[in-house]
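A.B. asks: Quick one: this structure, given as structure tokens, is what I'll be asking you about.
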Amino acid sequence: MNYNYILEEKQGNIYIIRLNKPEVRNALIMDMRLELLHALEKAELDDEIKCIILTGHDKAFSAGGDLSALKDLKPLEGRKRLQKSFPLLMKILEIEKPIIAAVNGAAAGAGFSLTLLCDLIIASEEAFFVQSFVNVGLIPDFAAIHFLPLLIGPHRARELMFLGERITAFEAERLGIVNRVVPGEILLQETIHIAEKLTRKSGISIGITKKIMNQHLHKDLKLLLELEAQGQDICFQTADFKEGVKAFFDKRDPNFIGK
């Protein structure tokens, strides 16, 4: 399969995937999600690959969802759209190979949520994280409502989700979201160094540990994903969402009315 929205590269036992739509800061358009799923399925079957690195091409990791594709959704279309991403989310969790997110820039909205699905997160000093959904009248998706409270506690998670304010890579490290922060110019080098360490460990041990941990911690995840899809579908139909999208493209603060 030829990919249009991701770049792939093998370095020994390490498989590097770059999200590649820099003109919209690597927004997670549906075709990109499907390509990423295909790439992970391919990596899963390749016995040479022991570790996967997910990063962004150019200046951003991912700005999240593609708002231009969301603003005219009819009732139930939003739910179906989110359901199409469920296989990708579950594959990231279920593949018995470690996935490291190398966050090279903005990780916003679903881009932030995507990093939380990975096994380790290494961030550049220039990276920032923002649960930006509330700023356009939406709820967090890509399972962030599950993963963020689990990682940093419900009160901190509510603060990030309710306020929609960005945090630096260093703040994310302090909160326990990020494993470590490194200078941007050596982000990939340092991430590969960690990946190489993982490839020298027992892949069977790592894979089984990951699977047991995720099955134990996330046993109700599929229910949450369905609730998330239903809730987001409601938000897509509101005046607040339409105002949030318009304000985003107008580069101004939205005027929400609670309808």
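A.B. asks: Any residue in the range 84-105 that's in contact (Cβ under 8 Å) with a residue 40 or more places away in the chain and more than 15 Å from Ile17 (Cα to Cα): show its pairings with residues that are assigned to a strand (DSSP E or B) and aromatic (Phe, Trp, Tyr) at Cβ separation under 9 Å, as long as the two are six or more apart or on different chains.
C.D. replies: Pairs that qualify, where the first residue is in contact (Cβ under 8 Å) with a residue 40 or more places away in the chain and more than 15 Å from Ile17 (Cα to Cα) and the partner is assigned to a strand (DSSP E or B) and aromatic (Phe, Trp, Tyr), are Gly105/Phe128.
A.B. asks: Every residue in the range 208-225 that is without any contact (Cβ under 8 Å) to a residue 40 or more places away in the chain and surrounded by 13 or more Cβ atoms within 10 Å (Cβ to Cβ), please.
C.D. replies: Of everything in the range 208-225, just one residue is without any contact (Cβ under 8 Å) to a residue 40 or more places away in the chain and surrounded by 13 or more Cβ atoms within 10 Å (Cβ to Cβ), namely Thr209.
A.B. asks: If Ala69 satisfies all but one of (1) closer than 20 Å to Lys251 by Cα; (2) among the aliphatic types (A, V, I, L, M); (3) open to solvent by less than 40 Å² (accessible area, probe 1.4 Å), what's the number of the condition it fails?
C.D. replies: It is condition (3) that Ala69 fails.
A.B. asks: May I pose another question? Looking at Lys10 and the list (1) over 24 Å from Val130 (Cα atoms); (2) assigned to a loop (DSSP other than H, G, I, E, B); (3) touching a strand residue (DSSP E or B) at 6+ places or on another chain (Cβ under 9 Å); (4) open to solvent by 30 Å² or more (accessible area, probe 1.4 Å), which single condition is not satisfied?
C.D. replies: Among (1) over 24 Å from Val130 (Cα atoms); (2) assigned to a loop (DSSP other than H, G, I, E, B); (3) touching a strand residue (DSSP E or B) at 6+ places or on another chain (Cβ under 9 Å); (4) open to solvent by 30 Å² or more (accessible area, probe 1.4 Å), Lys10 violates only (2).
A.B. asks: A further question on this structure: Determine if the range 57-65 includes at least one residue that is among the hydroxyl-bearing types (Ser, Thr, Tyr), open to solvent by 10 Å² or more (accessible area, probe 1.4 Å) and either assigned to a helix (DSSP H, G or I) or modelled with pLDDT of 95 or more (or both).
C.D. replies: No: zero hits.
A.B. asks: Here's something else I'd like to know. Among the residues of the range 164-183, is any touching a Lys or Arg at 6+ places or on another chain (Cβ under 9 Å), on the phi < 0 side of the Ramachandran plot and among the polar types (S, T, N, Q)?
C.D. replies: No, because not a single residue in the range 164-183 is touching a Lys or Arg at 6+ places or on another chain (Cβ under 9 Å), on the phi < 0 side of the Ramachandran plot and among the polar types (S, T, N, Q).
A.B. asks: Quick one: count up the residues across the range 162-204 that are closer than 17 Å to Phe112 by Cα, outside any loop (DSSP other than H, G, I, E, B) and open to solvent by 40 Å² or more (accessible area, probe 1.4 Å). Explain how you work it out, then say what you get.
C.D. replies: Our first condition is that a residue be closer than 17 Å to Phe112 by Cα; within the range 162-204, this holds for 162-181.
After this cut, where a residue has to be outside any loop (DSSP other than H, G, I, E, B) as well, the list is 162-163, 167-175, 180-181.
Still in the list and also open to solvent by 40 Å² or more (accessible area, probe 1.4 Å): 162-163, 168, 170-171, 173-174, 180.
Final tally of qualifying residues: 8.
A.B. asks: Residue check: is Phe142 of a type in the set (Phe, Trp, Tyr), at positive phi and either in contact (Cβ under 8 Å) with a residue 40 or more places away in the chain or open to solvent by 20 Å² or more (accessible area, probe 1.4 Å) (or both)? Explain how you work it out, then say what you get.
C.D. replies: On the way: of a type in the set (Phe, Trp, Tyr): yes; at positive phi: yes; either in contact (Cβ under 8 Å) with a residue 40 or more places away in the chain or open to solvent by 20 Å² or more (accessible area, probe 1.4 Å) (or both): yes.
Spelling it out, Phe142 is indeed of a type in the set (Phe, Trp, Tyr), at positive phi and either in contact (Cβ under 8 Å) with a residue 40 or more places away in the chain or open to solvent by 20 Å² or more (accessible area, probe 1.4 Å) (or both).
A.B. asks: Another question, if that's okay. Could you tell me whether the range 84-95 includes any residue that is touching a helix residue (DSSP H, G or I) at 6+ places or on another chain (Cβ under 7 Å), within 20 Å of Phe133 (Cα to Cα) and open to solvent by 10 Å² or more (accessible area, probe 1.4 Å)?
C.D. replies: So far as the range 84-95 goes, yes, one or more of its residues are touching a helix residue (DSSP H, G or I) at 6+ places or on another chain (Cβ under 7 Å), within 20 Å of Phe133 (Cα to Cα) and open to solvent by 10 Å² or more (accessible area, probe 1.4 Å).
The values are calculated or read from the model by the stated rules, or taken from the named source; none is laboratory data. Everything numeric in this text was worked out from a predicted model, so none of it was measured. Glycine gets a Cβ as well: all are built from the backbone with ideal geometry, and neighbour counts include every protein chain shown. Note: accessible area is taken over every heavy atom of the protein model, side chains too, but ligands, DNA and RNA are not part of it. Shrake-Rupley method; radii C 1.70, N 1.55, O 1.52, S 1.80 Å.
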